[in-house]
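Before any comments, here is the structure.
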Amino acid sequence: MMTGLNLESIEERSGDHAVDLEVTSNRPDCLGHIGVAREASVLFGKPLSIPAATVKTNGVPIDKVTSVSIECPDLCPRYVARVIRGVKIGPSPAWLKDRLEAIGITPINNVVDVTNYCLMECGQPFHTFDFDKLRGGRIVVRRAKSGEKIKAIDHNEYTPTTEMCLICDAERPVAVAGVMGGSETEISGSTTNLLIEVADFSSMSIRATARKLNLHSPSSYRFERGIDSVQMDWASRRCCELILQVAGGELLDGSIWAGEPAIADRPAVSLRSSQTRRILGIDVPKEESHRILVELGLKPTADQADDDGTRHYVPPSWRRDLSREIDLIEEIARIHGYENIPEDAFVPLSLSEKTLPERVADRIRDTLTAAGFFEAITLSFVSKELADLIPSTAKTRLSVDHSSRRQENVLRQSLIPSLLVVRRDNERYGNFQTRLFEIASVYLAATPGDPTAEPRRLGLVSGQTFVEFKGTLETLACRINPHVVVTVRSSDMACFVPGRGAELLLNGKLWGWVGELSRDVSDKLDLRDTVIAAELDLALLEELANFVPTFAELPRFPSISRDLNFVLDETTTWEQLVEVARAAAGPTYDASLFGGQYRGQQIPASKKSYILTVSFRAPDRTLTSDEVDTAVKSIIAACSTKLGATLR
């Protein structure tokens, strides 16, 4: 248990004991009894005995009888076939039945029982075909054709997709590769000739196939985690050895190996003796470390260590998880014994600092919670109906096809639909006007490593007015960088109420969007109240972040305000009005506030009215009315000249 194989139970079975161990996904070598025995031999210093798998053949070359072709090497890189003639199908001997029943496998017949026995012995899946039922007497490994069907040995019919790998004869599919065999070529009482399959399939392909078809098996479980390709020929011989022993027959000479050769040579991994001490905090003798690694199957590249104490080891084919120095140190620690590491062992540590994205996220949380928002954490998957609520610029929509995600299987391209569902649920519990935000990734493309494929976004929903909500976003931007300028420009996204949506810009760069959602969107979710939403790009905030505080003395003198009611063209924006006023006001300008807008009677159809409240302040004195009036006249003149504005 202390070395990684957790003990689940020990049960007495037919005078013997069945030991149930939990095998983690990184240790597929322990999904067979030989792998567990190898661990035990190292732990307890006992010799490991692996069957030689010696077989006798009848001298007839196998390539005169059958052939194997692989048309999809990306899904099946290698395939081994052997043929046995003249077997007699019948019950298995008592020893074989007892071993299978002890681990919960029901005996079927001697040939099938041998394949199950060998599967559990070495972790390599097998499949046997009734050779006489293979049309053309050959094997073709290929992708499924559109509309092709196969009836599996569970007597259910399946329709594989064109991306799935099938084992076929000259005319039809006879097995779903790596998952389950077909019923038309399964072993029966009349079977006399066998073709034994040992193959290596793509882990991703098998996983996708098993989930898509909702068809899982002990074979698919192991292929999903990876098998030892170097072991394939031995496994094929071992299976044939036991079939000949319990079912008789004659083995044809040789085997057919199709595809790539086994991956035997792996890069050496360096181990510095100083690193073991630094990582574990204890001294493990160099001889002990070397012994542990060698007994685990690693091969040293030289008899002696380098001058600096570094040794180089080639990991065995069955240990794909060993590729770095830290992996070797972990092997030394678990075999030497974690219990030998005292609790007070000194391990040098240093405090880590928060990354910039973490600091930005913390500042966002502080600001928004202070503004009355609550943080939500929602699933990355949404239904197609939810995904359609908010339009996206992404050309493709990513989804998964999995039995556990049949309804909500779309990877979201916006955070807003998920937040709207949370707001709806709050309304149903009588919690109205909920303000919510979420920091999470959206999924725009399937490009690993590309930051634009999974950008991090900030989504917000609220029942505030547009002005209040925009003020919250401006406050947020200023908390990240007090010198940024937030501007807006109109947006006609279909999810907005016409005229109530805008794009947000930070220092002229697109930051995101904000707007009041239309009733078409709200009604689809049965939302009672009006909702205003925003989705913002976190990458831009991180790019502009400035957390160095700037000292500014608090004003000691009062400000003086003036309200100016301008009539302007409909096309003139608030930002344009403020910019002109700021430039014309002079050095005493302090701030501009939105006082309201009006369209209607006494205002021409192509015009609108903005109320601009301008405040003035001097740092060293109280301003006089004349000074303020002079600045106001300058503003009125500039707005009239540049914007065609008139005072109402």
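The values are calculated or read from the model by the stated rules, or taken from the named source; none is laboratory data. These numbers were taken from a predicted model, which means no experiment stands behind them. Heads up, the Cβs are rebuilt from the backbone with ideal geometry, glycines too, and the neighbour counts pull from every protein chain shown.
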Exercise. For the subset of segment 423-440 comprising residues that are in a helix (DSSP H, G or I) and out of contact with any strand residue (DSSP E or B) (no Cβ under 6 Å at 6 or more places or on another chain), which member is surrounded by the fewest Cβ atoms within 10 Å (Cβ to Cβ)?
Worked result: ARG428
Problem set entry | Residue in segment 561-579 that is surrounded by the fewest Cβ atoms within 10 Å (Cβ to Cβ), counting only those that are in a strand (DSSP E or B), out of contact with any Phe, Trp or Tyr (no Cβ under 8 Å at 6 or more places or on another chain) and among the aliphatic types (A, V, I, L, M) | VAL567
For this session: Mind counting the residues in segment 195-230 that are surrounded by fewer than 18 Cβ atoms within 10 Å (Cβ to Cβ), under 25 Å from PHE131 (Cβ atoms) and among the polar types (S, T, N, Q)?
Result: 0
Exercise. Does any residue of segment 329-341 turn out to be assigned by TED's automatic domain parsing to the domain that holds ARG277 and touching a strand residue (DSSP E or B) at 6+ places or on another chain (Cβ under 8 Å)?
Worked result: yes
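If you check ARG599, ARG582, ARG617, which single one turns out to be in contact (Cβ under 8 Å) with a residue 60 or more places away in the chain and basic (Lys, Arg)? Spell out how you get there, then give the answer.
Numbers: ARG599 fails: in contact (Cβ under 8 Å) with a residue 60 or more places away in the chain; ARG582 fails: in contact (Cβ under 8 Å) with a residue 60 or more places away in the chain.
From the options ARG599, ARG582, ARG617, the qualifying one is ARG617.
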Exercise. If you go through segment 62-101 one residue at a time, how many are loosely packed, with under 15 Cβ neighbours inside 10 Å and among the basic types (Lys, Arg)?
Worked result: 2
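Considering only residues that are in contact with a helix residue (DSSP H, G or I) (Cβ under 7 Å, 6 or more places away or on another chain) and surrounded by 13 or more Cβ atoms within 10 Å (Cβ to Cβ), which ones fall in segment 140-158? Let's see the steps before the verdict.
Step one: of segment 140-158, the residues in contact with a helix residue (DSSP H, G or I) (Cβ under 7 Å, 6 or more places away or on another chain) are 151-153, 155, 158.
The answer is LYS151, ALA152, ILE153, TYR158.
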Problem set entry | Elements of type strands (runs of 3 or more DSSP E) contained in segment 218-287, each with 1 or more residues being touching a residue at least 12 places away in the same chain (Cβ under 8 Å) and among the acidic types (Asp, Glu) | 250-253
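Restricted to segment 275-326, and to residues that are of a type in the set (Ser, Thr, Tyr) and crowded, with 17+ Cβ neighbours inside 10 Å, which residue is modelled with the lowest pLDDT? Working first, answer last.
Initially, segment 275-326 is screened for residues of a type in the set (Ser, Thr, Tyr), giving 276, 289, 301, 310, 313, 317, 323.
Narrowing the set further to residues that are crowded, with 17+ Cβ neighbours inside 10 Å leaves 276, 289, 313, 317.
Working: THR276: 91, SER289: 94, TYR313: 96, SER317: 94.
Looking at the filtered set, the residue picked out is THR276.
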Exercise. ILE364 is checked against (1) out of contact with any Leu (no Cβ under 7 Å at 6 or more places or on another chain); (2) over 30 Å from ASN214 (Cβ atoms) and fails just one. What number does that condition carry?
Worked result: (1)
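For every residue, the table says whether it meets (1) over 18 Å from GLN275 (Cβ atoms); (2) of a type in the set (Ser, Thr, Tyr); (3) surrounded by 13 or more Cβ atoms within 10 Å (Cβ to Cβ).
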residue: ILE335; (1), (2), (3): no, no, yes
residue: ASN340; (1), (2), (3): no, no, no
residue: THR355; (1), (2), (3): yes, yes, no
residue: GLY372; (1), (2), (3): yes, no, no
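Of the residues that sit in segment 13-35 and are surrounded by 18 or more Cβ atoms within 10 Å (Cβ to Cβ) and not in a loop (DSSP other than H, G, I, E, B), which one is nearest to the chain's Cα centre (by Cα)? Give the steps one after another, and end with the answer.
First, pick out the residues of segment 13-35 that are surrounded by 18 or more Cβ atoms within 10 Å (Cβ to Cβ): 23, 27-32, 34-35.
Next, from what is left, pick out any that are not in a loop (DSSP other than H, G, I, E, B): 28-30, 34-35.
Working: PRO28: 21, ASP29: 25, CYS30: 26, ILE34: 32, GLY35: 29 Å.
Once the filter is applied, the top-ranked residue is PRO28.
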For this session: Determine whether segment 202-210 contains at least one residue that is within 15 Å of VAL83 (Cβ to Cβ) and of a type in the set (A, V, I, L, M, F, W, C).
Result: no
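If you scan segment 37-58, which residues turn out to be assigned to a loop (DSSP other than H, G, I, E, B), under 24 Å from CYS239 (Cα atoms) and of a type in the set (Lys, Arg)? Before you say what the answer is, go through the steps one by one.
Quick first cut of segment 37-58, residues assigned to a loop (DSSP other than H, G, I, E, B) only: 45-56.
When the remaining residues are screened for being under 24 Å from CYS239 (Cα atoms), the result is 47-56.
The answer is LYS56, and nothing else.
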